[in-house]
Amino acid sequence: MELSNIEKLLEKYFEGETTLSEEKELKVFFTRESVPQHLEKYKSLFQFFSDERNITAGSDTYIKVSNKVSKFTWIGIAASIAVIIGLFFAQPPTTDTDLGTYEDPEVALQKTKEVLSLVAQYMNEGKKDLVYLNEFENTKNKFLK
């Protein structure tokens, strides 16, 4: 078999594009005694597949199946029931009729500005930490070029 053909088949094999007959050709080639030096590293791979094919499960292999319910299962069931009962008997929160509305539009505008200023302050504090992400991105781009 041609060495260039084997190398092409190896490329197709590692790309996952080989047929069963092509894989069989590779297996036959690599299970031979004489393999070129630069392809020697693949010999153990195909030898492993050949060796593992001969292994069968013995009759002493069994799986222990238990119908016994563990205590952790009962704890989980009890916790679920407790949560359901707690949700059922919990008192709904009292509704407050005062929703924070303002009669005077000037006061409402002032309060809105205060709240938006507070939100902007927290957003700016959170944006400071994004500098680290930018540095990470720059470093990643250096290595991936």
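Could you pull out the residue among Gly86, Gly76, Gly16 that is surrounded by 10 or more Cβ atoms within 10 Å (Cβ to Cβ) and either out of contact with any Phe, Trp or Tyr (no Cβ under 9 Å at 6 or more places or on another chain) or not β-branched (Val, Ile, Thr) (or both)? Walk me through it before giving the result.
Values: Gly86 fails: surrounded by 10 or more Cβ atoms within 10 Å (Cβ to Cβ); Gly16 fails: surrounded by 10 or more Cβ atoms within 10 Å (Cβ to Cβ).
Every option except Gly76 fails the conditions.
For the range 19-69, taking the residues that are exposed (fewer than 13 other Cβ atoms within 10 Å of the Cβ) and of a type in the set (Asp, Glu), the one that is farthest from Asn5 (Cα to Cα) is identified as Asp60. With the condition kept exactly as written, say whether any residue in the range 89-101 is surrounded by 10 or more Cβ atoms within 10 Å (Cβ to Cβ) and of a type outside the set (D, E, K, R). Among the residues of the range 89-101, not one is surrounded by 10 or more Cβ atoms within 10 Å (Cβ to Cβ) and of a type outside the set (D, E, K, R), which makes the answer no.
Laboratory data are not the source of any read-out in this text; all were calculated from the coordinates shown. Note that the structure is predicted; figures quoted are calculated from it, not measured. Cβ coordinates were reconstructed from backbone atoms using ideal geometry, including for glycine residues, and neighbour counts include every protein chain displayed.
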